[in-house]
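Colleague: Below is the structure I would like to discuss, written out as structure tokens.
The values are calculated or read from the model by the stated rules, or taken from the named source; none is laboratory data. All of these numbers come straight from a predicted model, not from anything done at the bench. Note: ideal-geometry Cβ built from the backbone for every residue, glycine included; neighbour counts use all protein chains shown. The area values use the complete protein model at the heavy-atom level, side chains included, leaving out ligands, DNA and RNA. Shrake-Rupley method; radii C 1.70, N 1.55, O 1.52, S 1.80 Å.
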Protein chains: 2
Amino acid sequence: MRKPVRIFEVAREAGVSPSTVSKVLNGTQRMAAATEARVWKAVSKLGYHANLHAQILSTGRSRALGVVILDILNPHFTALVKGAGQVAAERSYTVLLADAEENPRREQELIQSLKARTDGLILAGSRLSDEEIVALHSPEQPIVTVGRRIAGVPSVTVDEYTASLQLTSHLIAQGCKHITYLAGPPFWVNQERERGYRDALQQAGLAPQVLSLTTPDLLGGEQASALLWAARPFPDAVVCYNDLAAIGLMASLKTLGVKVPQEVAVAAFGNHPLAAHLSPSLTHMEIPSRKLGELATGLLVELLECPREEAIQVIQYAVLRPRESSIIRV
Amino acid sequence: MRKPVRIFEVAREAGVSPSTVSKVLNGTQRMAAATEARVWKAVSKLGYHANLHAQILSTGRSRALGVVILDILNPHFTALVKGAGQVAAERSYTVLLADAEENPRREQELIQSLKARTDGLILAGSRLSDEEIVALHSPEQPIVTVGRRIAGVPSVTVDEYTASLQLTSHLIAQGCKHITYLAGPPFWVNQERERGYRDALQQAGLAPQVLSLTTPDLLGGEQASALLWAARPFPDAVVCYNDLAAIGLMASLKTLGVKVPQEVAVAAFGNHPLAAHLSPSLTHMEIPSRKLGELATGLLVELLECPREEAIQVIQYAVLRPRESSIIRV
DNA sequence: GGCGTTTTGGAAACCGCTTTCCATAGAGAA
DNA sequence: TTCTCTATGGAAAGCGGTTTCCAAAACGCC
């Protein structure tokens with residue numbers, strides 16, 4: 001077992017002091033070219049790598065960003081992570097990722113763990129209360145939320161209200177009269193989507209009907225078919241909180257012998273990679289997940305490098321992707 | 001800006017020395033009940049949290065595990081992470097996750113970054129050479145590979161050879177005569193799958209035909225349809241390296257007007273959550289991704305807590321899930 | 001050649017916690 | 001009452017870097 005090389009040994013090898021080695025390695029202070037060369041030579045000869053924790057302890061900066069996502073099995077969040085990873089790499093930060101497993105207690109644990117290891121956090125799909133999130137945010141250790149707008153906290157979000165208005169209007173334009181909304185967990189995103197749905201229906205003079213998903217995933221969607229089945233009037237269209245639920249729902253409807261879109265049109269929010277590959281292919285408002293990750297990371301790095309008082313809120317827009325699940329040809 | 005509380009201030013508040021506080025908090029040495037109570041009271045009054053990096057620097061252990069996965073967009077790896085996270089939490093370790101983005105250079109960077117932050121690493125779907133991986137492994141900082149068997153390195157793998165033998169035999173049993181294998185990247189998993197495929201064909205007296213995916217994902221699968229199209233004889237069945245590729249392939253075949261499974265049967269390896277939801281649903285050898293994550297993490301923790309000389313190799317088995325994409329009813 | 005600047009590089013304090021070793025006090029034994 | 005032993009808690013030396021200051025050397029200039 002080789003003990004790792006320490007800065008002292010590099011210093012001895014180069015015939016200088018540890019502080020000189022540190023300065024050369026970090027470019028903190030110019031040294032005579034000859035000295036720098038000796039240091040670099042010693043470093044590569046000994047294969048020196050600075051001890052990360054000693055460094056962080058000393059400098060107080062880790063050049064790491066924490067990303068906490070709601071559920072790693074949901075493609076929305078993994079795409080977001082991809083975007084975050086890319087921008088972080090460009091700005092030479094390391095991303096430390098954690099999966100909250102849709103569990104607020106676990107989320108808090110992970111946040112604490114990541115807070116201790118990083119310079120700042122991105123919370124994507126948090127299930128914490130607004131107060132808890134506000135309490136977490138500080139100029140020294142900033143937080144950026146994704147999919148959550150809270151006063152005083154920087155965020156990157158989609159204009160979900162408009163997205164929902166558009167998606168619902170699309171169904172109305174298809175001639176649907178009884179449009180049900182399958183609601184997700186009662187957080188910001190769902191609130192906005194439900195509001196847009198209700199407003200669109202009201203403008204068209206239609207009555208809303210909201211049912212709640214047990215969980216915002218495949219299984220929840222499958223279970224929702226039972227709810228729909230019991231609903232009167234039986235809807236001729238469903239707006240789903242996310243596309244995972246829509247996919248589960250469509251699978252379940254198929255086994256029930258309900259035809260999509262002929263008997264029920266289905267539409268959702270998301271950007272599931274297989275939305276276009278299903279039969280019928282799935283209509284959705286495409287959420288730019290990856291872009292959200294990129295923007296959130298960019299914003300966080302910005303906040304770290306020049307702290308600001310006001311909480312910046314970045315807004316993106318979803319795009320309607322009409323597909324077979326909602327196109328009704330009479 | 002509140003400065004974080006240090007152990008010294010807790011000590012002062014409790015009227016003891018920092019070493020006493022440390023001992024009470026870590027349970028390193030028994031103290032008089034009254035003293036312990038004073039320390040705990042001071043801790044909660046001041047809201048003290050030990051500085052992680054100081055702690056790690058001092059003890060040399062971080063109680064964190066690094067998990068490097070090939071591609072976070074691939075459900076196989078995210079399921080694996082889920083399993084890893086669960087076991088790590090049970091053993092009170094923190095998982096630090098990194099996405100190698102199928103890029104060996106990036107992978108090495110991430111490994112170095114995680115090596116500095118963790119007590120041990122899990123490499124799932126590594127694209128490094130055997131030599132590089134062996135060089136990374138050491139009893140002090142063990143590595144466990146998933147989906148890769150290398151002499152001297154602990155690993156958790158599926159018996160891919162047998163899995164492939166079974167899957168190919170299944171297609172042969174369906175009466176297929178011209179079975180093509182769509183190969184993935186030339187690493188252990190693909191080698192084993194290809195070997196199983198070849199052996200199954202040979203036993204049946206059939207001729208193998210191997211084509212290579214550009215990438216082992218949706219896009220690669222879509223692009224592969226062109227290769228198939230050009231192949232003579234045109235196959236009546238395809239074994240795909242993974243189910244992402246199979247899904248892409250089936251989508252592409254659909255646009256070409258080739259019927260699955262009537263004209264071409266399709267089968268793959270993996271456990272994509274939508275495999276059963278597609279039309280036609282996808283036959284595959286189900287890889288227990290989550291279980292692999294659990295086992296790898298359990299093994300790694302074991303290795304950390306009682307280091308061993310010999311490199312343990314854990315083996316799991318895949319299960320055939322016959323579905324519509326390969327069931328040919330004449 | 002003398003003097004004021006720059007360069008160059010080292011000493012030492014510090015980051016915040018753990019841990020070893022040692023001193024003291026109180027309990028129990030004789 | 002004295003002595004030994006154990007329970008309790010503190011002092012100080014790390015862990016491995018960074019950074020502030022300061023001294024010495026080298027330089028330019030008159």
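Colleague: Applying the selection to region B:8-27, what residues are open to solvent by 50 Å² or more (accessible area, probe 1.4 Å) and either within 14 Å of another protein chain (Cβ to nearest Cβ) or away from DNA strand C (no atom under 12 Å from the Cβ) (or both)?
Modeller: Answer for region B:8-27, where residues must be open to solvent by 50 Å² or more (accessible area, probe 1.4 Å) and either within 14 Å of another protein chain (Cβ to nearest Cβ) or away from DNA strand C (no atom under 12 Å from the Cβ) (or both): B:Glu13, B:Gly15.
Colleague: Scan region A:58-74 for residues that are open to solvent by 20 Å² or more (accessible area, probe 1.4 Å) and of a type in the set (Val, Ile, Thr) and jot them down.
Modeller: A:Thr59
Colleague: Cβ-Cβ distance below 6 Å, separation of 6 or more or different chains: which pairs start in region B:296-307 with a residue that is on the phi < 0 side of the Ramachandran plot and end on one that is among the acidic types (Asp, Glu) and open to solvent by less than 20 Å² (accessible area, probe 1.4 Å)?
Modeller: From region B:296-307, the pairs are B:Leu304/B:Asp119.
Colleague: Does A:Ala135 qualify as being farther than 28 Å from A:Pro322 by Cβ and of a type in the set (Gly, Ala, Ser)?
Modeller: Answer is yes for this residue.
Colleague: Still on this model: Which condition does A:Lys82 not pass, out of (1) touching a residue at least 12 places away in the same chain (Cβ under 8 Å); (2) within 7 Å of another protein chain (Cβ to nearest Cβ); (3) more than 17 Å from A:Asn271 (Cβ to Cβ); (4) not aliphatic (A, V, I, L, M), if it passes all the others?
Modeller: (3)
Colleague: Ok, one more. Mind checking which pairs have a first residue in region A:55-71 that is outside the structural domain of A:Leu303 (by TED's automatic domain parsing) and at pLDDT 95 or above and a second that is near DNA strand D (Cβ under 8 Å from one of its atoms) and open to solvent by 10 Å² or more (accessible area, probe 1.4 Å), Cβ under 6 Å, 6 or more apart or different chains?
Modeller: Between residues of region A:55-71 that are outside the structural domain of A:Leu303 (by TED's automatic domain parsing) and at pLDDT 95 or above and residues that are near DNA strand D (Cβ under 8 Å from one of its atoms) and open to solvent by 10 Å² or more (accessible area, probe 1.4 Å), the close pairs are A:Leu57/B:Ala54; A:Leu57/B:Leu57.
Colleague: In addition: Could you tell me whether region A:282-302 includes any residue that is within 14 Å of chain B (Cβ to nearest Cβ), at pLDDT 95 or above and more than 30 Å from A:Thr94 (Cβ to Cβ)?
Modeller: There is at least one residue in region A:282-302 that is within 14 Å of chain B (Cβ to nearest Cβ), at pLDDT 95 or above and more than 30 Å from A:Thr94 (Cβ to Cβ).
Colleague: Next question. Before we move on, is A:Glu102 within 14 Å of the chain's Cα centre (by Cα), touching a residue at least 12 places away in the same chain (Cβ under 8 Å) and over 18 Å from A:Gly293 (Cα atoms)?
Modeller: When the stated conditions are applied, A:Glu102 passes them.
Colleague: Got a number for residues in region A:22-45 being without any contact (Cβ under 8 Å) to a residue 24 or more places away in the chain and within 7 Å of DNA strand D (Cβ to nearest atom)?
Modeller: Summing the residues that are without any contact (Cβ under 8 Å) to a residue 24 or more places away in the chain and within 7 Å of DNA strand D (Cβ to nearest atom) in region A:22-45 gives 5.
Colleague: Out of region B:46-57, which residues are more than 9 Å from DNA strand D (Cβ to nearest atom), open to solvent by less than 60 Å² (accessible area, probe 1.4 Å), touching a helix residue (DSSP H, G or I) at 6+ places or on another chain (Cβ under 9 Å) and of a type outside the set (A, V, I, L, M, F, W, C)?
Modeller: Hit for region B:46-57 is B:Tyr48, nothing else.
Colleague: Further question: Give the residue that is nearest to B:Val158 (Cα to Cα), with candidates limited to residues of region B:200-215 that are in a helix (DSSP H, G or I) and open to solvent by less than 70 Å² (accessible area, probe 1.4 Å).
Modeller: Among those that are in a helix (DSSP H, G or I) and open to solvent by less than 70 Å² (accessible area, probe 1.4 Å), it is B:Ala200.
Colleague: Report yes if some residue within region B:46-66 is over 30 Å from B:Tyr241 (Cβ atoms), more than 41 Å from the chain's Cα centre (by Cα) and within 16 Å of DNA strand C (Cβ to nearest atom); otherwise report no.
Modeller: Looking for residues that are over 30 Å from B:Tyr241 (Cβ atoms), more than 41 Å from the chain's Cα centre (by Cα) and within 16 Å of DNA strand C (Cβ to nearest atom), one finds at least one in region B:46-66, hence yes.
Colleague: In this structure, does A:Pro139 turn out to be touching a residue at least 40 places away in the same chain (Cβ under 8 Å) and more than 23 Å from B:Phe77 (Cα to Cα)? So that I can check it myself, show each step before the final result.
Modeller: Details: touching a residue at least 40 places away in the same chain (Cβ under 8 Å): yes; more than 23 Å from B:Phe77 (Cα to Cα): yes.
In short, yes.
Colleague: Applying the selection to region A:28-45, what residues are aliphatic (A, V, I, L, M) and buried (at least 17 other Cβ atoms within 10 Å of the Cβ)?
Modeller: Correct list: A:Met31, A:Val39, A:Ala42, A:Val43.
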